[in-house]
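K.L.:
Input: one structure, supplied below.
The values are calculated or read from the model by the stated rules, or taken from the named source; none is laboratory data. Computed from a prediction, not measured in an experiment: that's the story for all the values here. No Cβ is skipped: glycine too gets one built from the backbone with ideal geometry, and neighbour counts run over all protein chains shown.
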Amino acid sequence: MAHDLVIAVENSPGSLARVAAAVSDAGVNIAAVTFLGGSDQAQLHILVPHPEAARHALALSHEVTVTSEREVVVVEVEDRPGVLADLARKIGEAGINLDLVYVATRNRIVFGAEDIGALRTALDLA
């Protein structure tokens, strides 16, 4: 089971390094990361297998705030054209509205939806 942690962080040089160091110092591997920057604030999504340890390490840092955490579905895929389209089509045909998608290390795609069980079923992972 994987979790997506959303972290509010100041959009300044070194912010990503501080978050990555805090999580890795806690012994947690970051399997994927996305960064959505604004002018002063940024939103960082990190994919981690052990959210408790990552959340605790980030709580000790007064520079960031974990704003949300959720379970996500991670699908291992072959790295070839059309894979994302095929999976997205399958999810859409099941009537599921995605609210999160990003690519992770080792040819994995991360999906989030309000109904995580239906998402798992649509992807034949239930």
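K.L.:
Could you please find all residues in the stretch 73-126 being surrounded by 13 or more Cβ atoms within 10 Å (Cβ to Cβ), farther than 21 Å from VAL33 by Cβ and of a type in the set (D, E, K, R)?
P.N.:
Residues satisfying the conditions are LYS90, ASP115, ARG120.
K.L.:
Next question. Restricted to the stretch 52-72, and to residues that are of a type in the set (A, V, I, L, M) and either modelled with pLDDT under 95 or at positive phi (or both), which residue is surrounded by the fewest Cβ atoms within 10 Å (Cβ to Cβ)?
P.N.:
Ranking the qualifying residues of the stretch 52-72, first place goes to LEU60.
K.L.:
Consider only pairs whose beta carbons are under 7 Å apart and that are at least six residues apart or on different chains; among these, list those whose first residue lies in the stretch 97-111 and is more than 12 Å from LEU87 (Cβ to Cβ) and whose second residue is surrounded by 13 or more Cβ atoms within 10 Å (Cβ to Cβ) and polar (S, T, N, Q).
P.N.:
Here the result reads TYR102/THR34, each pair linking the stretch 97-111 to a residue that is surrounded by 13 or more Cβ atoms within 10 Å (Cβ to Cβ) and polar (S, T, N, Q).
K.L.:
From GLU93, GLU78, GLU71, which residue is in contact (Cβ under 8 Å) with a residue 40 or more places away in the chain and of a type outside the set (Lys, Arg)?
P.N.:
GLU71
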